[in-house]
1. Would you mind finding the one in G607, G573 that is at positive phi and open to solvent by 10 Å² or more (accessible area, probe 1.4 Å)?
2. Can you name the condition, by its number, that T322 falls short on among (1) surrounded by fewer than 21 Cβ atoms within 10 Å (Cβ to Cβ); (2) over 24 Å from Y201 (Cα atoms); (3) in contact (Cβ under 8 Å) with a residue 60 or more places away in the chain?
3. What number of residues within the stretch 366-392 are out of contact with any Lys or Arg (no Cβ under 8 Å at 6 or more places or on another chain), more than 24 Å from K93 (Cβ to Cβ) and open to solvent by 30 Å² or more (accessible area, probe 1.4 Å)?
4. Among the residues of the stretch 47-67, what is the count of those that are in contact (Cβ under 8 Å) with a residue 12 or more places away in the chain, open to solvent by 50 Å² or more (accessible area, probe 1.4 Å) and not hydroxyl-bearing (S, T, Y)?
5. Might you check whether a residue that is in contact (Cβ under 8 Å) with a residue 40 or more places away in the chain, in contact with a Lys or Arg (Cβ under 8 Å, 6 or more places away or on another chain) and assigned to a loop (DSSP other than H, G, I, E, B) occurs anywhere in the stretch 242-254?
6. Scan the stretch 282-321 for residues that are outside any strand (DSSP E or B), closer than 12 Å to L269 by Cα and in contact with a Ser or Thr (Cβ under 9 Å, 6 or more places away or on another chain) and report the count.
7. Given the structure, is M337 part of a strand (DSSP E or B) and either open to solvent by 50 Å² or more (accessible area, probe 1.4 Å) or at pLDDT 95 or above (or both)?
8. If you take the residues of the stretch 505-537 that are open to solvent by 30 Å² or more (accessible area, probe 1.4 Å) and of a type in the set (D, E), which of them is nearest to P457 (Cα to Cα)?
Amino acid sequence: MTLKEAVLQQDIEQVKEILRWTPGAVNEPDEEGIPIPFLAAGTGSLEIVKYLVEYSYASMNTVDALNRNILHYGALSGNVELCRYLVERVGMKITGGDRNLLTPYDIAHTRGYRELEAFFAEKVGAVYEDMYHNPIRTGMYPDPSIVRVGEDYYMVNSSFIFFPCIPISHSRDLLHWKIIGHAITNPDWAGLAGLEGGRGYWAPDISYDNGIFYITATLRLNDGGPVYRRQMVVTASRPEGPYGKPVYLEEDGIDPSIFHEDGRHYMLLNRGARIFEISADGSRQLSEAKLLYYGDQKRAPEGPHLLKKDGFYYLFMAEGGTGTGHRITVMRSRELMGLYEPCPYNPIMRQQDPQAGLQRAGHGKPVLAADGKWYMVYLCGRCLEGKWSMLGRETALDPVTWTADGWPIVNGLQGPGVLQIKPGLGETAGDKETWQNGGIWRDDFRGPKLSGEWMTPREPERDGICLRQERLILKGSRFPLSRVEARNILLRRQTAFCFDAWTEFEMPELKPGQEIGLTCYYDENTWVCFGAVGTAGPAELIVKEHIGDEDRVFRAGEIRTEQPLQLGVETRGLVRRFLYRTEEGKAQPVHILENVYYLCSEGIKKGKRFTGAMAGLYVYGGDEDCYGVFRYFEYKEEKRNNEEY
């Protein structure tokens, strides 16, 4: 009998006998890679688990291929006493997530183990319904900055070359957010034309002082000119705007923020944290930049934010680069322009586990909640197969506590939290008009203006996008999607690794080479299109891939043009499956792409790749006018089975 067989048969005496002669066998996983103690926990045998923990060579630091620990398997058994032992005596964490962010608490809840769920609730201090999962903003929402005014919270995130520029989101509970406006909505003010993907507006900051909202960001230009970076400032009396015409400060650096004190205003910039005074409207630099502190880790110090509390100026910084070494550090001084000392607990936020589901944790800003508790918003990233960040960098939220010696630490220095207790704030102000019916986002183009979820790479043409009689009309771009001159491509963020997207459009008369359809887009260097293309004969269905300098085209055959066409894409991780609906409403498969690894920052090395995958609509007209008339666009997140995927 093998050790695995003895464990699965719950034969404790045989387990002891085998380990007496081959003690190292406990650390040999089975043929599926599952450690022996995990198998024991999965059977619910407390007796065997206790023996393996207390008398064998088994390590409780072991995880499986999905980064699950022994408590995940104990939770799968539903045995309360076994899980109590693992939590109270072994010290396993109830809210610790695997690579797909599945926690033991999630397992107990989704499997309906009510007694086990009640035990977990007692130990955590909150019932499952009072918990939230990170990230709180999924999809491309990097570099968050937050401000509270009364009981309302406002957040901005980087938008890069996408227009409108710099989304402004609102929440009443720190968890449910809705885009209420943008910092730049006038295409004449955006300054995005000709910019390569990944450039544009970086790392914005939002602040409030004396009835005025301030938003600042770095406008990152293309390389090759005399100026690479300039600092943009806009102001408004309402958080959603309208904001005035942007003004620019010609101080080099990235990641600006604005600190207000006693009627004076200061801008902070990297490298390190440099500070200089600016005018009340942000249009003028009033002093030379001075270095406050270079940083604790000394690598890529950026994202500086200042907070004054209890007589100290706290300087928060992002360090370590935007990859796996990303982190948040903090320094403090009794004087604004004084000497800053680093926190002895630095970094106060960093992911230490290279196999965890949340990576790249950094670039944070603290906020004092309406209930008197402190929280930190920060960016993080999730990866498929541990390496493909299709969704871009997202926004997470964790609690901040203050030590007895006055230092802030995030999530008890445990790194990003997967499952946390909800902030105890007022009514939820979720995006009720956008997300309904369990993760379905649908636009029937019935409103007077486009939803704030939509955006375009760079500014659209003045007549490029319009709504008319419950239809969306896209003017065909003169340039293909592989050019920075392409216009009128309408996109929304990909917010889940698994989703379905469908659209219906009226077939125009397509001249040879003209196209209309769906796109899965990252930037001008990598994208996929699924649509109809004009030929010298009947129109055809095609699937096109653009990967760096390579184009791949799959032709699916002729299509009828006298009726509206419904096209869809099913995304399951790296797989894209393309379909069309017949008159009977049945979805017919057209083509499958097995590995769209290139729709992410790591896919290829070309240009600045800091954004995230999108899905949306496009029309290509070439040298002649062409218009696409779309009836709807639907995006539905598919909840994968975390225990299998």
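1. Matching residue, one of G607, G573: G607.
2. Single failed check for T322: (2).
3. The total comes to 5.
4. Qualifying residue count for the region: 4.
5. yes
6. 1
7. Considered against the rule, which asks whether it is part of a strand (DSSP E or B) and either open to solvent by 50 Å² or more (accessible area, probe 1.4 Å) or at pLDDT 95 or above (or both), M337 comes out as no.
8. E506
The values are calculated or read from the model by the stated rules, or taken from the named source; none is laboratory data. Nothing here was measured: the structure is a model prediction, and the numbers come from that model. Backbone-built Cβ (ideal geometry, glycine too); neighbour counts: all protein chains shown. For the accessible areas, the whole protein counts, side chains as well, though only heavy atoms, and no ligand, DNA or RNA atoms are used. Shrake-Rupley method; radii C 1.70, N 1.55, O 1.52, S 1.80 Å.
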